[in-house]
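Here's the structure we're looking at; comments come further down.
What follows is calculated from the coordinates using simple rules that are stated; it is not laboratory data. Since this is a predicted model, take the numbers as computed values, not measurements. As a convention, Cβ positions derive from the backbone with ideal geometry for all residues, glycine included, and neighbour counts pool all protein chains shown.
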Number of protein chains: 2
Amino acid sequence: MTRPRHRTPTQSPPTASPFRVLRNPFPPTEVLDPDAVHAIHHASLRVLEETGVDFWDAETLSLLKTAGVKVDEKARHAWLDRAWVMEMVGKAPAQFTLHSWNPAKNVPVGGNHLLYAPVGGPPFVTDLDRGRRDGNMADVQTLNKLVQMADAMVIGGGHLIEPLDVEVPIRHLETMFYDLTLIDKAPQSTVLGQIAAQDSITMVALAHAGGAATVADALAGIRHKPAVLGVINVNSPLRYDGPMLEGLLALAQHGQVPVLTPFIIVGANSPITLPAAIMQQNAEVLAGAALVQFVNPGCPVVYGHFITPLDLRSGAVPFGTPEEVWAVFAAAQMARFYHLPFRGGGGLTTAQIPDAQAAYESTFGLWAATMAHSNLILQGAGWLDGGLVASFEKFVLDVEVIERFDAFLQERPIDAETLAAEFIHQVGPGGHHLDTAHTMARYRTAFHHSELSSRLSHGAWVEQGEQDTAQRANRKWKEMVARYTPPPMEQAVVEALLDYKERRKEVLLK
Amino acid sequence: MTRPRHRTPTQSPPTASPFRVLRNPFPPTEVLDPDAVHAIHHASLRVLEETGVDFWDAETLSLLKTAGVKVDEKARHAWLDRAWVMEMVGKAPAQFTLHSWNPAKNVPVGGNHLLYAPVGGPPFVTDLDRGRRDGNMADVQTLNKLVQMADAMVIGGGHLIEPLDVEVPIRHLETMFYDLTLIDKAPQSTVLGQIAAQDSITMVALAHAGGAATVADALAGIRHKPAVLGVINVNSPLRYDGPMLEGLLALAQHGQVPVLTPFIIVGANSPITLPAAIMQQNAEVLAGAALVQFVNPGCPVVYGHFITPLDLRSGAVPFGTPEEVWAVFAAAQMARFYHLPFRGGGGLTTAQIPDAQAAYESTFGLWAATMAHSNLILQGAGWLDGGLVASFEKFVLDVEVIERFDAFLQERPIDAETLAAEFIHQVGPGGHHLDTAHTMARYRTAFHHSELSSRLSHGAWVEQGEQDTAQRANRKWKEMVARYTPPPMEQAVVEALLDYKERRKEVLLK
């Protein structure tokens, strides 16, 4: 592992395209009518009251008891009263700012803002040159660089690839170090267990604090400054397990952002009907959101969603399905009903390679995310093979799709200038507009320009080697890595992070 | 060319999936607010009044004069008063039934019905086995068979591929013969010039009339029974040329369906701003719709749309762009404003092969069509290379994408049965739903099943030959051709069509 070289802050980084968060100015696509939203809401609350939720963590159960919640400590189970749940959920902010250590990359979470983030978690990595291989730290760093270079990614990493060449107890230290030093976009944190969560949040705090701060001061500095996301998966149905609850509590106690995400395989860990999956997920999210608000009222929390069908005829779990699209739209409506920011949709696929299937499946998922007004689009670029593989070419392909949504979502005012009636009149029937003043003033920036898509004639395409999209994506990610420049982190901060990481490695490897 | 063998009507055809027209039960995606729609409307009417439209056809100019329209016959130009235009356009039906000679395949045009149709017009054809080649009659027949076999296609052919091995004056006869005898879905007609339009409409009429009818009786039989679509392109800006007007008049006089479609390359034959392109297109469509209604009040007419940007930096005309998506949504809103059925969107791409680019570009176009409530989605399956090439593999790929929209658009009632609260309670936290009565009753049909997408594990995928989507599509179209059975047309009707075709060929080749 090479140590990143850093510019001093006086050197300004070369300007890429300006950092910019997409907004969807159009009304969200909705698949539920208001009655349906209410029916799901009430059925969820009844599940929380009558069926209840497992919380496999003693500290959580004791906190819930303090709150007056009916708890069975032996069964590690609680029944949540609807009035209490709704009171707690009502304390969560509808929108908040997620801070990066580089304030130029702070982003708003909520409303109609769309924040796309890269793939996270695959144990394998692949590219056209070297094929499929175990996840490793060198590839994590390459993917970090791609995330930094891609304007479409406004959230940074968090265990982009599982580095199997690093020992398990210290993986979170290595990945967080490079997530913070190679990228200046707000990171995601590993939150499986108290140790990983506490270390990760501390490193984020140190990145914000500058070189000289103590850990305690650094943590105090982000207490009211959300600076890291942590995906808290629910062990569906209706169970929060121990390590995830430790992560949830650590995030909440430090004022950081739990992204409460049930992982529902419809027909396996929920009933096989999509409305039931949405309803069960809603109950699970509300339970977690209430807990977070009890621990730290006003702490940001995100309504997460991950629902995919089970193909019971083959046993396969497909991704990028039409059912997923419906579920994203429905879940986003539920999140809006509670005024919670929403995470859902992404570039998911079961395809093995970045081919047509990968493209149509991921485009469906990114369309759903975009048109649902999904605020956090995690797993937005680079995912293949049901999430088992991170692909550099697929990353480029997904970024292209997101850039197309960007171009679509431009606000286009309708006024005398854009209607250009005088030019239509001047040019007249049968004429052309190629060289009008109206055209000349606009042609360079009028339309989306794609570096990935081929617009060559057949002859020129043959002459240039009959490359397919994956081959062009291969060339593009290498260019991006070659053009990479590190973000402007002060050397003292890099040293502080390195120091923390190395000290903690010694402790954890003892 | 082999002559199709036909079943007698007493033999019922083997049942494939039931013939079914998609509906979009969700609100359409809208990109214009009501003020913007009005601004475009008024600006268009002003263009019609002040700039006017070229009509390069003496009969049309004389008809317009009869209507009291201000005409300059020498300049072949007319200025259309807004009151007259709106009065005429108001006579067009908001919805109508398009009839097939097999009444089981009649389809509703308008409302939230989505009718997908295949590619039309490419001079080249390609598949993975034989590569790119000139369009020819054998390949036209193969594509006809695929259209008949694909449930996603509910409109039939119309010059699916340009058969360069057939002499130009008789191409319309050969293609219409196979469009009518190999497919029992309502056809599209070649309408370039009076001869082609009249022959095509006559053949459709004969297919409806049964074997013994005279041409005059057959034509009278469809006078109030829309049975064929004809795409009337406007030679933008603001010009209807001679052959297209002959086609328009023939369709209107016989009560058939002009699909009025400007072909706008934004920045070339319209101003470079998308609102201007939408406004100019609106003027062009209104001019044609008014003419159709004057010729035959109440005749069905479709508001057509085809807008794509020009990349002025490279000179390329890309397809499947984000600008296209915005324009489809905007144009659909204009069509709804006039209560006219809408044609727009499709599976367009500039890609040379059925790879990732082809998939993401076409998925964007099909998404736009579907979510805009586009009633006619022509060029919906099989298009490659900016429309120069029809690809059998791309046809299969687009059909897969349309089937995914079908699964997404299912109405999913929210009620006690679908919310399944009792099963969530019964299974409880940490349990599974794999074998509940609720799951067992539904698992076979709960979810979209894809024959094209791979859901294999990596190992199984490698073992089965590492096929990409295009290779799987290749296998699939061959299976479809192998399974093809002709529709139940009476032999006497086939003979009547053959007889008409051969007689007309003799006349036209003299």
Share of alpha-carbon pairs per 10 Å distance bin for segment B:110-267, given as whole %
11, 37, 37, 13, 2, 0
Got a sec? How would A:Ser314, B:Ser362, B:Ser189 order by Cβ neighbour count within 10 Å, fewest to most?
A:Ser314, B:Ser189, B:Ser362
Roughly what percent of Cα-Cα pairs across chain A reach past 35 Å?
35 percent
Can you put A:Ile402, A:Ile155 in order of Cβ neighbours within 10 angstrom, beginning with the fewest?
A:Ile402, A:Ile155
So, counting K/R as plus one and D/E as minus one, what does the shell of residues with Cβ under 12 Å around A:Arg455 add up to?
-2
Per DSSP H run of at least 4 residues, take -39500 (n - 2.57); add these up for chain A, divide by its residues and hand me the 222 nm value, nearest 500 deg cm²/dmol.
-13000 deg cm²/dmol
In whole angstrom, note down how far apart the Cα centers of segment A:329-369 and segment B:256-302 are.
36 Å
The answer for the net charge of residues other than A:Gln256 whose Cβ lies under 11 angstrom from its Cβ, with Lys and Arg +1 and Asp and Glu -1, is +2
Magnitude of the Cβ-charge dipole (Lys and Arg +1, Asp and Glu -1) of the protein assembly as shown about the Cα centre, nearest 20 debye, reported as 100 debye
In nm, one decimal, shortest first: how far is the label point of B:Asp35 (7 Å from Cα along Cα to beta carbon) from the matching points in the other copies?
3.5
Distance in Å, no decimals, from the C-alpha centre of segment B:107-179 to the one of segment A:20-66 is 50 Å
Which distance in Å, rounded to a whole number, links the C-alpha centroids of segment A:385-436 and segment B:490-504?
48 Å
Simple label model, 7 Å out from Cα along Cβ direction - A:Trp79 to A:Asp129, nm
6.2 nm
When only C-alpha pairs under 8 Å and at least 6 residues apart count, what is the relative contact order of chain B, in percent?
20 percent
Within a Cβ distance under 11 Å of B:His159, other residues only, what is the Lys/Arg minus Asp/Glu net charge?
-2
Cα→Cβ-extended label distance, 7 Å offset, between A:Ala441 and B:Glu87, nm:
3.9 nm
Which FRET efficiency value, to the nearest 0.05, is calculated for A:Val168 and B:His425 with the Förster distance at 45 angstrom and r the Cβ-Cβ distance?
0.75
Nm distances between copies for A:Asp129, ranked from closest, using label points 7 Å along Cα→Cβ
3.9
For Cα pairs less than 8 Å apart in space and 6+ apart in sequence, what is the mean separation divided by the residue count of segment A:282-414, i.e. the relative contact order in percent?
20 percent
Give me the distance in nm between label points sitting 7 Å out from Cα along the Cα-to-Cβ direction at A:Leu434 and B:Val21, one decimal.
4.3 nm
To one decimal in nm, how far is B:His224 from the same spot in the other copies, if labels go 7 Å from Cα toward Cβ? Please give the shortest first.
7.7
How would A:Lys505, A:Lys105 line up from fewest to most surrounding beta-carbon atoms within 10 angstrom?
A:Lys505, A:Lys105
Taking R0 as 35 Å, what's the FRET efficiency between A:His38 and B:Ser457 from their Cβ-Cβ distance, rounded to 0.05?
0.25
For chain B, with the dipole built from +1 on Lys and Arg beta-carbon atoms and -1 on Asp and Glu ones, taken about the Cα centre, which of B:Ala152, B:Leu340, B:Met489 lies farthest toward the positive end?
B:Met489
For segment A:232-307, what's the relative contact order in percent, using C-alpha pairs closer than 8 Å and at least 6 residues apart?
39 percent
Given the candidates A:Phe364, A:Gly304, A:Ala327, the one whose Cα lies deepest towards the positive end of the charge dipole of segment A:296-376, counting +1 at each Lys or Arg C-beta and -1 at each Asp or Glu C-beta, is A:Gly304
